1. Yes or no: Tyr632 of a type in the set (Ser, Thr, Tyr), in contact with a Phe, Trp or Tyr (Cβ under 9 Å, 6 or more places away or on another chain) and open to solvent by 20 Å² or more (accessible area, probe 1.4 Å)?
2. Report, by residue number, each residue of segment 81-94 that is open to solvent by less than 20 Å² (accessible area, probe 1.4 Å) and either out of contact with any helix residue (DSSP H, G or I) (no Cβ under 7 Å at 6 or more places or on another chain) or in contact (Cβ under 8 Å) with a residue 40 or more places away in the chain (or both).
3. Before we move on, is Glu336 in contact with a strand residue (DSSP E or B) (Cβ under 9 Å, 6 or more places away or on another chain) and either open to solvent by less than 50 Å² (accessible area, probe 1.4 Å) or touching a residue at least 40 places away in the same chain (Cβ under 8 Å) (or both)?
4. Could you check segment 561-609 and list, in sequence order, the residues that are of a type in the set (A, V, I, L, M, F, W, C) and either in a loop (DSSP other than H, G, I, E, B) or open to solvent by 10 Å² or more (accessible area, probe 1.4 Å) (or both)?
5. Limited to segment 476-494, what total is found for residues that are open to solvent by 10 Å² or more (accessible area, probe 1.4 Å) and within 17 Å of Arg427 (Cα to Cα)?
6. Exactly one of these conditions fails for Thr493: (1) in contact with a helix residue (DSSP H, G or I) (Cβ under 6 Å, 6 or more places away or on another chain); (2) in contact (Cβ under 8 Å) with a residue 60 or more places away in the chain; (3) polar (S, T, N, Q). Give me its number.
7. May I ask you to verify whether Ile720 is open to solvent by 30 Å² or more (accessible area, probe 1.4 Å), under 30 Å from Lys644 (Cβ atoms) and in contact with a strand residue (DSSP E or B) (Cβ under 9 Å, 6 or more places away or on another chain)?
8. Report every pair of residues separated by at least 6 positions or lying on different chains whose Cβ atoms are under 7 Å apart, first residue within segment 454-479 and in contact (Cβ under 8 Å) with a residue 40 or more places away in the chain and within 22 Å of Ala180 (Cα to Cα), second part of a loop (DSSP other than H, G, I, E, B) and aromatic (Phe, Trp, Tyr).
Amino acid sequence: MFVKICGFRTIPSLSFIFIIIFSAVSVWANSGKPLYLDPACPIDKRVDDLLGRMTLAEKIGQLNMPCAYKKISILGEDIPTKLEGCRKFALGERIDEIGPGGGFFVLVNTLLQKGPRQQAEFINELQKITREKTRLKIPLFIMEEGTHGLMCAGGTIFPEGLGLGSTWNMDLIEEVYSIAAREARAIGAHQLYTLVIEPNRDPRMGRNQEGYSEDPFLCSRIAEAIVAGAQGDDVSAADKVVAGLCHYPGQSQPVSGMERGAMEISERCLREVFLPPWVAGIKKAGALGVMATYPAIDGIPAHGSRYILTKILREELGFEGLVLGEGAGLTTLMDERVVATSKESGALIIKAGVDVGISLEDEYMRSMVENVQEGIVSVKTIDRAVARILRMKFLQGLFENPYVDPDRAVKVSNTDEHQKTALQAAREGIVLLKNEKNILPLNKNIKSIAIIGPNADNERNQLGDYVSDVILQDIVTVLDGISAKVSPNTKITYIKGCNVLKTDLNEIPKAQAAARNADVAIVVVGENERFAPGRVGTNGEHKDVASLDLTGLQQELVKAVYDTGTPTIVVLINGRPLSTRWIAEHVPVILEAWLPGERGGHAVADILFGDYNPSGRLAITVPRHVGQLPVYYNMKPLKAHWRKRRGYVDMSALPLFEFGYGLSYTTFEYSNLRITPQETKPGSTVHISVDVKNTGSRMGQEVVQLYINDVISSVATPVIELKGFKKISLEPREKKTVRFTLYPDHLAFLDQHLEWVVEPGEFEVMVGHSCEDIRLRGAFICN
């Protein structure tokens, strides 16, 4: 009878409806089963029924899904007391003002460090508490970080940020996040953050290492791949999670490059540069998770901006998921002195559209209860946020089955196949920047190698930010990878040489001696040491820099090795582009490995010794000096003109290495550019094709890049913008035709009234190997 009611669509008479409803109520009353627990009923009806049963304290409890970080002591002071605190929070007995909590954020990584079985079993325990000991049996929503793999002990660690972006391989990126989702859901997690889709516009900000590219178009395609991989078409599936995209609408271009600094950008910049990945990830791909950003946007803290969180996000983009506050993000209104108290802050933030707090801040606890009791915040506003939370739990089927199988969690975590994908991602993301006299690839039977540098044998430094506190699997360093690759007769000498940041270790004389006695010297330098005892670290969240030069004694180390006359190779392991001017001018071979993950050492060795032909292309511009910033490639006409004509008085204004750049062990020839039609109308599509041939002697992959230029427009537009790319594999002498389609949105820009338009005129088409290495040019007219 109940199923028929839920599907009822006609209204023959009021008396008939009364009889049916009375009968249904009687059935449920007799069975003792609430309507919201019936999976046959539509989700909206289940949400409404459950909301109607909840007290204010229970509703406020759902708004809180706290981190279990060590610094947050409300849950406990150490791991055992925090675990007990989590049990009490799930039960609703930890914090007086609120009922059972809505879930947890990074609970697993912080507290459950023995691996997938322990993780799955404890989450099951918490879910059992909610199911058997709470009044309404509302399951918990578990969120973990998945920036470049599940950030939990036992999770596979992939390359981070620019290491993935530089692959230009959307199928591979989708597979990376499919694996992260599979491992997460297996242990009982339901959503993955921090998936940073915003363009990386200022490399001085340390957490920009989490981003994939400086380019809005490339970030948009990556956003679509991430959502497809992590969330897919069915978020209730046993191997899918909610994709939590960060940090809406952006934080990667802060004042002075300092994290949480205001984003002083125009509405035009917001919509042309920062919003496109959100349009792709939400409007096109359907992402159901968003984290609000820390900074103020044009003077308004994002957490309190109804314009950003509701008008744009929900009304324009059609977002239907949950908005989380950043860690301690609910205090940002007070930090910016927009309000004086947490009570005022909480009221503005929930009205703006933040659904969930993750730091147990007063704004969403006692102050929120008082705001509702005093009529400052309406129950309707609270219900709006709680309904979104409940809907997400219903969508994932958690009311029916909140449990996971610990045996499966062990079986699917960090498998051989997952490790192979991590290796392939590292290979494809490594960019060969320089290879004078074809020194690479090296011979595996080489007699002697000196491996030098602070990042040659440092596991943590090559993993990057957002990795587990405890690493259970083996990590392959560059030293490990080379040692496994070369002949047993090859003599390897390893000297650390110096530290990344501090100058308290100076083994430069030892490094010189080792290099003099070797056939080749491989110097591995770059960034981090964040996890070493007593080390500050140079990259990652809260690790901003004023200079992009190598830190500590690293450049002196490279110079000393180079001065020996031994052929020198520099391998960079870093999360941001570095202004390595001297190295670029002198050292014959440079390999940009970024943060290559758990199999990074094998990937570097594969390229050094020719088992893999490098195919990575820069997803970001490498500056010559920090004073050039901003240095992104898609600049406006006047800057482009004066950059080439005059530059700076003290150095060139050109970058060290441009966007899209990267070398291969083979060569590629472009020919036969075809543009159809030559004349078109606004709203029509344009088809472009080009032939690409491998003219070398070995198989290789080329990233064919399509750029356009709106030659004359009513407002200043970039002189070059990426609008298409394809990564293709070619055997020696093989030729392939690569095809692109330009749609109206590829040609549109914001006019003087901030409306998207395609104006009549000429559009230049450029196809090539990078934004500066354009091989073919053409044009079409839009009438």
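1. Details: of a type in the set (Ser, Thr, Tyr): yes; in contact with a Phe, Trp or Tyr (Cβ under 9 Å, 6 or more places away or on another chain): yes; open to solvent by 20 Å² or more (accessible area, probe 1.4 Å): yes.
For Tyr632, the condition - of a type in the set (Ser, Thr, Tyr), in contact with a Phe, Trp or Tyr (Cβ under 9 Å, 6 or more places away or on another chain) and open to solvent by 20 Å² or more (accessible area, probe 1.4 Å) - is met.
2. Once the filter is applied, which keeps residues that are open to solvent by less than 20 Å² (accessible area, probe 1.4 Å) and either out of contact with any helix residue (DSSP H, G or I) (no Cβ under 7 Å at 6 or more places or on another chain) or in contact (Cβ under 8 Å) with a residue 40 or more places away in the chain (or both), segment 81-94 yields Gly85, Cys86, Phe89, Ala90.
3. On the way: in contact with a strand residue (DSSP E or B) (Cβ under 9 Å, 6 or more places away or on another chain): yes; either open to solvent by less than 50 Å² (accessible area, probe 1.4 Å) or touching a residue at least 40 places away in the same chain (Cβ under 8 Å) (or both): yes.
Criteria met by Glu336.
4. Hits for segment 561-609 are Leu578, Trp582, Ala584, Val587, Ala593, Trp594, Phe609.
5. Keep residues of segment 476-494 that are open to solvent by 10 Å² or more (accessible area, probe 1.4 Å), which gives 476, 479-480, 483-494.
In the following step, the residues that additionally are within 17 Å of Arg427 (Cα to Cα) were identified as 476, 479-480, 484-485.
Final tally of qualifying residues: 5.
6. In the conditions (1) in contact with a helix residue (DSSP H, G or I) (Cβ under 6 Å, 6 or more places away or on another chain); (2) in contact (Cβ under 8 Å) with a residue 60 or more places away in the chain; (3) polar (S, T, N, Q), Thr493 misses (2) alone.
7. no
8. Correct list of pairs: Arg460/Phe531.
The values are calculated or read from the model by the stated rules, or taken from the named source; none is laboratory data. The structure presented is a predicted model; accordingly, all values stated were derived computationally and were not measured. Here Cβ is always computed from backbone atoms with ideal geometry, including for glycine, and neighbour counts include all displayed protein chains. Side chains are part of the model used for accessible areas, which takes the heavy atoms of the whole protein and leaves out ligands, DNA and RNA. Shrake-Rupley method; radii C 1.70, N 1.55, O 1.52, S 1.80 Å.
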